[in-house]
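See structure below.
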């Protein structure tokens, strides 16, 4: 599969691409508070697109470990004005909405968003399947255990790779039976996983390979990098992020979800030239 079709767009994934993160939140772990202002959010979106991001992922509720949920109304107030302005300025760019709420997703799709990125993997809102089918939108099926507030308290698996694979199989079946044609899968690094779980997932990414369904990986500046680098704070995790990005590319990742677009694309360019 080289084309990933979302609504009226066709995304070439014959080579790895970058999804740039825009957190319109006050409390995200890496850039909380930076892009609550619409003007600053738009500046960041422009920068990421200029640097080469093919998808911009906009979220209005933090999913960092321990974060508090926000109301649907507040989340919409944070993201919908940015989405409308961004789609108007960049009509050829693909946008995704990072949400678990039906109302936020529907309003975002009505505003022109192309993909729903759901960290709950249909658990919180099963109707996302029908919603994506209705709009011919793409869907990111992400694995998580628990919810952001409690997910890191004591995550336990008998077989983390097997359980994630089972989750993907069931979720893909449900999405396809609802008429969703464009699906990405994300193993959910850091979402209800210990450091050991995260390492095992990254070591075994090839086991999640499914024909025609691209693998999305989000490791950018995550706490596992800080743990591996002796407690390094998020602003000091860029080199570790790049190292992890390169490894995930070797293991079959097709979409890198990142804060640092230029640096992620540098990894992809080196990877492409060495893989010829």
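Some notes on this structure:
- So residue 87, is it buried (at least 23 other Cβ atoms within 10 Å of the Cβ), closer than 19 Å to residue 6 by Cα and touching a residue at least 12 places away in the same chain (Cβ under 8 Å): no
- Residue 127 in contact (Cβ under 8 Å) with a residue 60 or more places away in the chain, out of contact with any strand residue (DSSP E or B) (no Cβ under 7 Å at 6 or more places or on another chain) and closer than 29 Å to residue 173 by Cα: no
- Where a residue in the range 209-221 is on the phi > 0 side of the Ramachandran plot and its partner, wherever it lies, is outside any strand (DSSP E or B) and surrounded by fewer than 24 Cβ atoms within 10 Å (Cβ to Cβ), with Cβ under 6 Å and at least six apart: 212/1; 221/30; 221/234; 221/241; 221/259
- Selection of the range 48-60 for residues being more than 13 Å from the chain's Cα centre (by Cα) and modelled with pLDDT under 95 yields only 60.
- Entry remark, the range 61-77: residues being out of contact with any helix residue (DSSP H, G or I) (no Cβ under 9 Å at 6 or more places or on another chain) and either in a strand (DSSP E or B) or at pLDDT 90 or above (or both) number 3 in total.
- In the range 246-265, the qualifying residues are those that are without any contact (Cβ under 8 Å) to a residue 60 or more places away in the chain and under 21 Å from residue 213 (Cα atoms), and the one that is surrounded by the fewest Cβ atoms within 10 Å (Cβ to Cβ) is 250.
- Among the residues of the range 68-84, just one is over 24 Å from residue 129 (Cα atoms), in contact (Cβ under 8 Å) with a residue 60 or more places away in the chain and surrounded by fewer than 18 Cβ atoms within 10 Å (Cβ to Cβ), namely 68.
- Among the candidates 181, 153, the residue that is more than 18 Å from residue 95 (Cβ to Cβ) and surrounded by 13 or more Cβ atoms within 10 Å (Cβ to Cβ) is uniquely 181.
- Number of the exception - residue 100 against (1) surrounded by 22 or more Cβ atoms within 10 Å (Cβ to Cβ); (2) in contact with a helix residue (DSSP H, G or I) (Cβ under 8 Å, 6 or more places away or on another chain): (2)
- Residue count, the range 211-245 (criterion: crowded, with 17+ Cβ neighbours inside 10 Å and closer than 17 Å to residue 16 by Cβ): 12
- Qualifying positions in the range 135-144 - surrounded by fewer than 23 Cβ atoms within 10 Å (Cβ to Cβ) and either over 15 Å from residue 178 (Cβ atoms) or in contact with a helix residue (DSSP H, G or I) (Cβ under 8 Å, 6 or more places away or on another chain) (or both): 135
Residue-by-condition table, conditions (1) buried (at least 17 other Cβ atoms within 10 Å of the Cβ); (2) assigned to a strand (DSSP E or B); (3) at pLDDT below 95:
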| site | (1), (2), (3) |
| --- | --- |
| 1 | no, no, yes |
| 4 | yes, yes, yes |
| 10 | no, yes, yes |
| 14 | no, no, yes |
| 19 | yes, yes, no |
| 30 | yes, no, yes |
| 35 | yes, no, yes |
| 40 | no, no, yes |
| 46 | no, no, no |
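The values are calculated or read from the model by the stated rules, or taken from the named source; none is laboratory data. If you're wondering where the values come from, they're calculated on a predicted model, not measured in any experiment. Note that each Cβ is placed from the backbone with ideal geometry, even for glycine, and that neighbours are counted across all protein chains shown.
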